[in-house]
Amino acid sequence: MIAHPDPDAVAAFVLDRAIAPPAVLPPGLLSRRILVTGAAGSIGSKLCARLAAMEVACLVALDRAENNIFRLARELGPRANATVGDVCDAGLIEEIIARNSVDTVIHAAAYKHVPLMEEHPIEAVRNNVMGTWSVAGAASRQGVGTVLLISTDKAANAKGIMGRTKRASELIVAAAPVNHRGSIRLGNVLGSEGSVWTTFVEQIRAGLPVTITHPETYRYFVTSGEAVDFILRTVSLVHQGEIFVPEMGEPVRIIDFARRLGQAMGREIQTRVVGLRPGDKLLEDLKDDETEFERSTDPGLHRIADGPGAWDEIDSWMRRLNGILAARDAVSASDWLAQFAAHFASSSAPYQPAR
(Lines give C-alpha, C1' and ligand atoms only; values in the text may rest on other atoms or scores of the structure.)
Protein backbone atom coordinates (compact mmCIF):
# COMPACT_ATOMS: atom_id res chain seq x y z
CA MET A 1 0.00 0.00 0.00
CA ILE A 2 1.28 3.47 -0.88
CA ALA A 3 0.44 5.77 2.01
CA HIS A 4 1.99 8.85 0.41
CA PRO A 5 1.84 8.41 -3.38
CA ASP A 6 4.26 10.47 -5.44
CA PRO A 7 2.18 12.36 -8.03
CA ASP A 8 4.88 12.07 -10.67
CA ALA A 9 5.30 8.34 -10.08
CA VAL A 10 1.61 7.41 -10.47
CA ALA A 11 0.47 10.24 -12.76
CA ALA A 12 0.19 8.10 -15.90
CA PHE A 13 -2.02 5.57 -14.10
CA VAL A 14 -4.21 8.11 -12.32
CA LEU A 15 -4.67 10.31 -15.41
CA ASP A 16 -4.86 7.38 -17.84
CA ARG A 17 -2.53 9.01 -20.34
CA ALA A 18 1.12 9.24 -21.24
CA ILE A 19 3.04 11.94 -19.39
CA ALA A 20 4.80 14.39 -21.67
CA PRO A 21 8.58 14.00 -21.51
CA PRO A 22 10.64 17.14 -20.87
CA ALA A 23 11.17 19.14 -24.04
CA VAL A 24 14.39 20.74 -25.19
CA LEU A 25 14.19 24.25 -23.77
CA PRO A 26 15.39 27.33 -25.67
CA PRO A 27 19.10 27.86 -24.87
CA GLY A 28 18.49 31.59 -24.42
CA LEU A 29 16.82 30.87 -21.09
CA LEU A 30 20.19 30.40 -19.42
CA SER A 31 21.13 34.05 -19.94
CA ARG A 32 17.88 35.37 -18.47
CA ARG A 33 17.63 37.35 -15.24
CA ILE A 34 14.30 36.12 -13.90
CA LEU A 35 11.92 37.25 -11.16
CA VAL A 36 9.35 34.64 -10.09
CA THR A 37 6.45 35.93 -8.01
CA GLY A 38 4.53 33.49 -5.85
CA ALA A 39 7.83 31.62 -5.72
CA ALA A 40 7.06 29.66 -2.55
CA GLY A 41 3.79 28.25 -3.89
CA SER A 42 3.30 24.83 -5.43
CA ILE A 43 4.15 25.86 -8.99
CA GLY A 44 6.49 28.69 -8.07
CA SER A 45 8.74 26.52 -5.94
CA LYS A 46 8.99 23.80 -8.62
CA LEU A 47 9.72 26.45 -11.22
CA CYS A 48 12.43 28.05 -9.06
CA ALA A 49 14.04 24.67 -8.40
CA ARG A 50 14.20 24.01 -12.14
CA LEU A 51 15.61 27.46 -12.94
CA ALA A 52 18.17 27.16 -10.15
CA ALA A 53 19.26 23.76 -11.47
CA MET A 54 19.63 25.30 -14.93
CA GLU A 55 21.83 28.00 -13.38
CA VAL A 56 20.13 30.91 -15.10
CA ALA A 57 22.05 34.16 -14.94
CA CYS A 58 19.94 35.47 -12.04
CA LEU A 59 16.95 34.12 -10.14
CA VAL A 60 14.88 36.21 -7.74
CA ALA A 61 12.20 34.32 -5.80
CA LEU A 62 9.51 36.56 -4.31
CA ASP A 63 6.69 35.54 -1.99
CA ARG A 64 4.86 37.13 0.92
CA ALA A 65 4.59 33.85 2.85
CA GLU A 66 7.53 34.26 5.25
CA ASN A 67 7.88 30.66 6.40
CA ASN A 68 7.54 29.22 2.93
CA ILE A 69 10.06 31.59 1.36
CA PHE A 70 12.43 30.83 4.26
CA ARG A 71 12.23 27.11 3.44
CA LEU A 72 12.68 27.80 -0.27
CA ALA A 73 15.73 29.95 0.43
CA ARG A 74 17.32 27.09 2.35
CA GLU A 75 16.58 24.65 -0.48
CA LEU A 76 17.92 26.89 -3.25
CA GLY A 77 20.87 28.34 -1.33
CA PRO A 78 23.05 30.85 -3.16
CA ARG A 79 21.55 29.95 -6.53
CA ALA A 80 18.61 32.29 -5.87
CA ASN A 81 17.85 35.58 -4.15
CA ALA A 82 14.81 34.76 -2.01
CA THR A 83 12.83 37.83 -1.02
CA VAL A 84 9.79 38.45 1.19
CA GLY A 85 7.31 40.89 -0.30
CA ASP A 86 3.82 41.57 -1.64
CA VAL A 87 3.13 41.86 -5.37
CA CYS A 88 0.69 44.69 -4.65
CA ASP A 89 3.66 46.83 -3.56
CA ALA A 90 4.67 48.30 -6.92
CA GLY A 91 7.54 50.25 -5.39
CA LEU A 92 9.06 47.07 -4.00
CA ILE A 93 8.68 45.27 -7.33
CA GLU A 94 10.44 48.13 -9.12
CA GLU A 95 13.23 48.09 -6.54
CA ILE A 96 13.74 44.33 -6.93
CA ILE A 97 13.76 44.57 -10.72
CA ALA A 98 16.23 47.45 -10.74
CA ARG A 99 18.56 45.96 -8.10
CA ASN A 100 18.79 42.63 -9.92
CA SER A 101 18.61 43.90 -13.52
CA VAL A 102 15.64 41.61 -14.10
CA ASP A 103 14.72 41.12 -17.77
CA THR A 104 11.98 38.47 -17.35
CA VAL A 105 9.08 38.29 -14.89
CA ILE A 106 7.09 35.09 -14.39
CA HIS A 107 4.06 36.12 -12.39
CA ALA A 108 2.72 33.10 -10.51
CA ALA A 109 1.45 34.84 -7.36
CA ALA A 110 -2.31 34.44 -6.98
CA TYR A 111 -5.09 33.21 -4.76
CA LYS A 112 -6.45 30.10 -6.46
CA HIS A 113 -9.04 28.29 -4.31
CA VAL A 114 -12.41 28.66 -5.99
CA PRO A 115 -14.92 28.40 -3.10
CA LEU A 116 -12.68 30.36 -0.71
CA MET A 117 -12.40 33.24 -3.16
CA GLU A 118 -16.19 33.28 -3.51
CA GLU A 119 -16.29 33.97 0.23
CA HIS A 120 -13.54 36.62 0.06
CA PRO A 121 -14.01 38.49 -3.24
CA ILE A 122 -12.32 41.71 -2.09
CA GLU A 123 -9.12 39.88 -1.20
CA ALA A 124 -9.28 37.83 -4.40
CA VAL A 125 -9.55 40.96 -6.53
CA ARG A 126 -6.92 42.86 -4.56
CA ASN A 127 -4.33 40.10 -4.74
CA ASN A 128 -4.99 38.71 -8.22
CA VAL A 129 -6.02 41.80 -10.18
CA MET A 130 -4.31 44.69 -8.40
CA GLY A 131 -1.24 42.51 -7.87
CA THR A 132 -0.99 41.80 -11.61
CA TRP A 133 -1.44 45.47 -12.46
CA SER A 134 1.29 46.33 -9.95
CA VAL A 135 3.72 43.79 -11.37
CA ALA A 136 2.99 44.64 -15.02
CA GLY A 137 3.29 48.37 -14.37
CA ALA A 138 6.55 48.00 -12.44
CA ALA A 139 7.98 45.79 -15.17
CA SER A 140 7.05 48.34 -17.82
CA ARG A 141 8.55 51.28 -15.94
CA GLN A 142 11.79 49.37 -15.40
CA GLY A 143 12.13 48.25 -19.01
CA VAL A 144 11.63 44.53 -18.44
CA GLY A 145 11.58 42.67 -21.75
CA THR A 146 9.23 39.76 -20.95
CA VAL A 147 6.26 39.28 -18.62
CA LEU A 148 4.51 35.91 -18.46
CA LEU A 149 1.37 35.40 -16.36
CA ILE A 150 0.61 31.95 -15.00
CA SER A 151 -3.14 31.73 -15.52
CA THR A 152 -5.73 28.97 -15.26
CA ASP A 153 -8.33 27.24 -17.38
CA LYS A 154 -10.86 28.74 -14.97
CA ALA A 155 -10.29 32.08 -16.73
CA ALA A 156 -12.03 30.75 -19.86
CA ASN A 157 -15.77 31.46 -19.85
CA ALA A 158 -15.16 32.39 -16.23
CA LYS A 159 -17.99 31.68 -13.83
CA GLY A 160 -16.57 32.33 -10.38
CA ILE A 161 -14.64 35.13 -8.73
CA MET A 162 -11.29 33.40 -8.97
CA GLY A 163 -11.64 32.68 -12.69
CA ARG A 164 -12.78 36.22 -13.38
CA THR A 165 -9.81 37.70 -11.53
CA LYS A 166 -7.48 35.60 -13.64
CA ARG A 167 -9.26 36.64 -16.86
CA ALA A 168 -8.82 40.26 -15.81
CA SER A 169 -5.14 39.53 -15.15
CA GLU A 170 -4.72 38.09 -18.64
CA LEU A 171 -6.18 41.26 -20.15
CA ILE A 172 -3.94 43.48 -18.00
CA VAL A 173 -0.81 41.63 -19.08
CA ALA A 174 -1.93 41.70 -22.72
CA ALA A 175 -2.16 45.50 -22.54
CA ALA A 176 1.08 46.08 -20.64
CA PRO A 177 3.64 48.25 -22.50
CA VAL A 178 6.22 45.46 -22.45
CA ASN A 179 7.83 44.11 -25.62
CA HIS A 180 7.04 40.47 -24.93
CA ARG A 181 4.08 39.61 -22.74
CA GLY A 182 1.36 37.01 -22.49
CA SER A 183 -0.19 34.24 -20.41
CA ILE A 184 -0.30 30.47 -20.08
CA ARG A 185 -3.45 28.71 -18.91
CA LEU A 186 -2.82 25.58 -16.87
CA GLY A 187 -5.31 22.99 -15.69
CA ASN A 188 -5.19 21.43 -12.22
CA VAL A 189 -1.61 20.72 -11.24
CA LEU A 190 -1.29 17.23 -9.81
CA GLY A 191 -0.18 17.35 -6.19
CA SER A 192 -0.36 21.13 -5.74
CA GLU A 193 -1.19 22.31 -2.26
CA GLY A 194 -4.91 22.23 -1.52
CA SER A 195 -5.68 20.51 -4.82
CA VAL A 196 -8.11 17.66 -5.39
CA TRP A 197 -5.10 15.33 -5.21
CA THR A 198 -4.10 16.32 -1.68
CA THR A 199 -7.72 16.32 -0.51
CA PHE A 200 -8.36 12.83 -1.89
CA VAL A 201 -5.09 11.41 -0.53
CA GLU A 202 -5.95 12.65 2.97
CA GLN A 203 -9.48 11.20 2.78
CA ILE A 204 -8.29 7.84 1.42
CA ARG A 205 -5.55 7.53 4.04
CA ALA A 206 -8.08 8.25 6.80
CA GLY A 207 -10.54 5.70 5.40
CA LEU A 208 -13.13 8.40 4.74
CA PRO A 209 -15.47 8.63 1.74
CA VAL A 210 -13.96 10.68 -1.07
CA THR A 211 -16.02 13.83 -1.58
CA ILE A 212 -17.09 14.43 -5.17
CA THR A 213 -18.90 17.63 -6.12
CA HIS A 214 -20.81 15.92 -8.96
CA PRO A 215 -20.58 12.50 -10.67
CA GLU A 216 -20.03 14.16 -14.06
CA THR A 217 -17.37 16.66 -13.05
CA TYR A 218 -14.33 16.66 -15.36
CA ARG A 219 -11.01 18.50 -15.04
CA TYR A 220 -7.85 18.98 -17.07
CA PHE A 221 -4.66 17.93 -15.29
CA VAL A 222 -0.92 18.37 -15.70
CA THR A 223 1.90 17.11 -13.52
CA SER A 224 4.11 19.67 -11.84
CA GLY A 225 6.96 18.65 -14.14
CA GLU A 226 4.80 19.17 -17.22
CA ALA A 227 3.60 22.52 -15.91
CA VAL A 228 7.13 23.83 -15.36
CA ASP A 229 8.20 22.58 -18.77
CA PHE A 230 5.27 24.29 -20.49
CA ILE A 231 5.92 27.54 -18.60
CA LEU A 232 9.58 27.68 -19.61
CA ARG A 233 8.72 26.94 -23.23
CA THR A 234 6.11 29.72 -23.21
CA VAL A 235 8.56 32.33 -21.88
CA SER A 236 10.23 32.37 -25.28
CA LEU A 237 6.96 32.43 -27.25
CA VAL A 238 4.93 35.27 -25.74
CA HIS A 239 4.93 38.48 -27.72
CA GLN A 240 1.74 40.48 -28.17
CA GLY A 241 -0.44 39.38 -25.27
CA GLU A 242 -1.26 35.89 -26.56
CA ILE A 243 -2.62 33.18 -24.29
CA PHE A 244 -0.96 29.80 -24.60
CA VAL A 245 -2.76 26.60 -23.61
CA PRO A 246 -0.72 23.41 -23.24
CA GLU A 247 -1.78 20.05 -24.61
CA MET A 248 -3.07 18.39 -21.44
CA GLY A 249 -4.85 15.40 -22.93
CA GLU A 250 -8.54 14.67 -22.47
CA PRO A 251 -10.30 15.96 -19.35
CA VAL A 252 -10.50 13.38 -16.57
CA ARG A 253 -13.75 12.51 -14.81
CA ILE A 254 -13.09 13.23 -11.15
CA ILE A 255 -14.83 10.11 -9.87
CA ASP A 256 -12.56 7.99 -12.12
CA PHE A 257 -9.55 9.98 -10.91
CA ALA A 258 -10.51 9.18 -7.30
CA ARG A 259 -10.93 5.47 -8.00
CA ARG A 260 -7.57 5.21 -9.76
CA LEU A 261 -5.89 7.09 -6.92
CA GLY A 262 -7.47 4.66 -4.45
CA GLN A 263 -6.10 1.74 -6.48
CA ALA A 264 -2.63 3.32 -6.51
CA MET A 265 -2.84 3.56 -2.71
CA GLY A 266 -4.11 0.00 -2.36
CA ARG A 267 -7.51 1.04 -1.02
CA GLU A 268 -11.10 0.46 -2.04
CA ILE A 269 -12.87 3.78 -1.83
CA GLN A 270 -16.38 5.02 -1.29
CA THR A 271 -17.53 8.34 -2.68
CA ARG A 272 -19.89 10.95 -1.35
CA VAL A 273 -21.48 13.54 -3.64
CA VAL A 274 -21.55 16.95 -1.96
CA GLY A 275 -22.83 19.12 -4.82
CA LEU A 276 -21.19 21.83 -6.87
CA ARG A 277 -19.75 24.67 -4.81
CA PRO A 278 -20.09 28.38 -5.62
CA GLY A 279 -17.96 29.14 -8.66
CA ASP A 280 -17.65 25.47 -9.74
CA LYS A 281 -18.36 24.18 -13.25
CA LEU A 282 -18.86 20.60 -14.40
CA LEU A 283 -16.17 21.00 -17.07
CA GLU A 284 -13.56 23.72 -17.32
CA ASP A 285 -13.07 25.33 -20.71
CA LEU A 286 -9.72 26.05 -22.32
CA LYS A 287 -10.88 29.05 -24.34
CA ASP A 288 -13.77 31.49 -24.39
CA ASP A 289 -16.64 30.62 -26.72
CA GLU A 290 -15.85 33.51 -29.06
CA THR A 291 -12.17 32.65 -29.49
CA GLU A 292 -10.35 30.01 -31.51
CA PHE A 293 -7.04 28.22 -31.15
CA GLU A 294 -4.26 29.14 -33.55
CA ARG A 295 -1.15 27.20 -34.42
CA SER A 296 1.95 27.86 -32.37
CA THR A 297 5.55 27.16 -33.28
CA ASP A 298 5.50 24.70 -30.36
CA PRO A 299 3.24 21.71 -31.18
CA GLY A 300 2.53 21.17 -27.48
CA LEU A 301 1.11 24.65 -27.00
CA HIS A 302 -2.07 26.08 -28.53
CA ARG A 303 -2.29 29.84 -28.95
CA ILE A 304 -5.22 32.22 -28.49
CA ALA A 305 -5.00 35.74 -29.87
CA ASP A 306 -5.77 38.21 -27.08
CA GLY A 307 -5.19 41.57 -28.72
CA PRO A 308 -4.14 44.26 -26.26
CA GLY A 309 -6.28 47.09 -25.03
CA ALA A 310 -4.79 50.51 -24.25
CA TRP A 311 -2.68 50.68 -21.09
CA ASP A 312 -3.94 54.19 -20.30
CA GLU A 313 -7.48 52.87 -20.37
CA ILE A 314 -6.48 49.96 -18.14
CA ASP A 315 -5.07 52.50 -15.68
CA SER A 316 -8.39 54.33 -15.62
CA TRP A 317 -10.29 51.13 -14.86
CA MET A 318 -7.81 50.22 -12.15
CA ARG A 319 -8.18 53.57 -10.42
CA ARG A 320 -11.92 52.95 -10.31
CA LEU A 321 -11.31 49.49 -8.89
CA ASN A 322 -9.01 50.91 -6.23
CA GLY A 323 -11.90 53.01 -4.91
CA ILE A 324 -14.20 49.98 -4.89
CA LEU A 325 -11.66 47.97 -2.90
CA ALA A 326 -11.08 50.82 -0.46
CA ALA A 327 -14.83 50.86 0.20
CA ARG A 328 -14.80 47.05 0.52
CA ASP A 329 -17.77 46.89 -1.84
CA ALA A 330 -17.88 43.22 -2.85
CA VAL A 331 -20.90 43.57 -5.14
CA SER A 332 -19.29 46.41 -7.10
CA ALA A 333 -16.00 44.49 -7.28
CA SER A 334 -17.79 41.52 -8.84
CA ASP A 335 -19.62 43.80 -11.27
CA TRP A 336 -16.32 45.48 -12.16
CA LEU A 337 -14.77 42.13 -13.06
CA ALA A 338 -17.58 41.29 -15.47
CA GLN A 339 -17.60 44.77 -17.05
CA PHE A 340 -13.82 44.88 -17.39
CA ALA A 341 -13.64 41.53 -19.18
CA ALA A 342 -16.55 42.34 -21.47
CA HIS A 343 -15.12 45.76 -22.40
CA PHE A 344 -11.55 44.75 -23.16
CA ALA A 345 -12.39 41.43 -24.78
CA SER A 346 -14.73 43.19 -27.22
CA SER A 347 -12.44 46.16 -27.87
CA SER A 348 -9.26 44.14 -28.41
CA ALA A 349 -7.34 44.80 -31.59
CA PRO A 350 -7.00 42.04 -34.21
CA TYR A 351 -4.03 39.77 -33.67
CA GLN A 352 -0.96 40.57 -35.76
CA PRO A 353 1.68 37.81 -36.01
CA ALA A 354 5.17 38.81 -34.90
CA ARG A 355 7.44 39.68 -37.79
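The values are calculated or read from the model by the stated rules, or taken from the named source; none is laboratory data. None of the values given here were measured: they were computed from a predicted structure. Heads up, the Cβs are rebuilt from the backbone with ideal geometry, glycines too, and the neighbour counts pull from every protein chain shown.
Residue pairs whose Cβ atoms lie under 7 Å apart, separated by 6 or more positions or on different chains, with the first residue in the range 6-32 and at negative phi and free of Cβ contacts under 8 Å to residues at least 24 places away in the same chain and the second assigned to a loop (DSSP other than H, G, I, E, B) and among the β-branched types (V, I, T), are A12/I19.
Restricting to the range 219-276, name every residue that is within 21 Å of the chain's Cα centre (by Cα) and in a loop (DSSP other than H, G, I, E, B). Write out each step before concluding.
Here is the first cut: in the range 219-276, the ones within 21 Å of the chain's Cα centre (by Cα) are 219-252, 254.
Within the range 219-276, Y220, T223, S236, L237, V238, E247, M248, G249, E250, P251 qualify.
Checking every residue in the range 77-92 against the condition of being acidic (D, E), modelled with pLDDT of 95 or more, farther than 17 Å from V147 by Cα and part of a helix (DSSP H, G or I) gives zero matches. One residue stands out among those in the range 279-302 that are among the aliphatic types (A, V, I, L, M) and either in contact with a Pro (Cβ under 8 Å, 6 or more places away or on another chain) or under 28 Å from Q203 (Cβ atoms) (or both): the one that is surrounded by the most Cβ atoms within 10 Å (Cβ to Cβ), which is L301.
Checking the structure you have, find out if any residue of the range 259-278 is within 14 Å of N188 (Cα to Cα) and surrounded by 17 or more Cβ atoms within 10 Å (Cβ to Cβ).
No: the range 259-278 contains no residue that is within 14 Å of N188 (Cα to Cα) and surrounded by 17 or more Cβ atoms within 10 Å (Cβ to Cβ).
Return yes or no: is H239 touching a residue at least 40 places away in the same chain (Cβ under 8 Å) and either buried (at least 19 other Cβ atoms within 10 Å of the Cβ) or not aliphatic (A, V, I, L, M) (or both)?
Numbers: touching a residue at least 40 places away in the same chain (Cβ under 8 Å): yes; either buried (at least 19 other Cβ atoms within 10 Å of the Cβ) or not aliphatic (A, V, I, L, M) (or both): yes.
Yes, satisfied.
As a summary of the residue check, V196 satisfies the conditions (1) out of contact with any Pro (no Cβ under 9 Å at 6 or more places or on another chain); (2) buried (at least 24 other Cβ atoms within 10 Å of the Cβ); (3) over 29 Å from S236 (Cα atoms) except for the one numbered (2).
When you go through (1) small (G, A, S); (2) under 21 Å from S169 (Cα atoms); (3) crowded, with 16+ Cβ neighbours inside 10 Å one by one for A52, which number turns out not to apply? Unmet condition: (2). Take the residues in the range 208-218 that are touching a residue at least 40 places away in the same chain (Cβ under 8 Å) and part of a loop (DSSP other than H, G, I, E, B); name whichever of them is surrounded by the most Cβ atoms within 10 Å (Cβ to Cβ). Out of the qualifying residues, it is T217. Scan the range 312-339 for residues that are more than 24 Å from the chain's Cα centre (by Cα) and either at pLDDT below 95 or assigned to a helix (DSSP H, G or I) (or both) and the total you get is 10.
Report yes if G279 is among the small types (G, A, S) and in a loop (DSSP other than H, G, I, E, B), otherwise no.
Here the answer is yes, as G279 does meet what is asked.
All told, H120 falls short of being under 13 Å from the mean Cα position of the chain (by Cα) and either closer than 18 Å to G91 by Cα or surrounded by fewer than 24 Cβ atoms within 10 Å (Cβ to Cβ) (or both). Condition test on N81, is it closer than 18 Å to D103 by Cα, polar (S, T, N, Q), touching a helix residue (DSSP H, G or I) at 6+ places or on another chain (Cβ under 9 Å) and surrounded by fewer than 22 Cβ atoms within 10 Å (Cβ to Cβ)? It is true that N81 is closer than 18 Å to D103 by Cα, polar (S, T, N, Q), touching a helix residue (DSSP H, G or I) at 6+ places or on another chain (Cβ under 9 Å) and surrounded by fewer than 22 Cβ atoms within 10 Å (Cβ to Cβ).
The single residue among L15, L35, L29, L62 that is under 27 Å from Y218 (Cα atoms) and within 22 Å of the chain's Cα centre (by Cα) turns out to be L15. When G309 is tested against the conditions (1) modelled with pLDDT of 95 or more; (2) outside any helix (DSSP H, G or I), the lone failure is (1). Of the residues screened, A9 is not one that is out of contact with any Phe, Trp or Tyr (no Cβ under 7 Å at 6 or more places or on another chain), among the small types (G, A, S), outside any helix (DSSP H, G or I) and modelled with pLDDT under 95.
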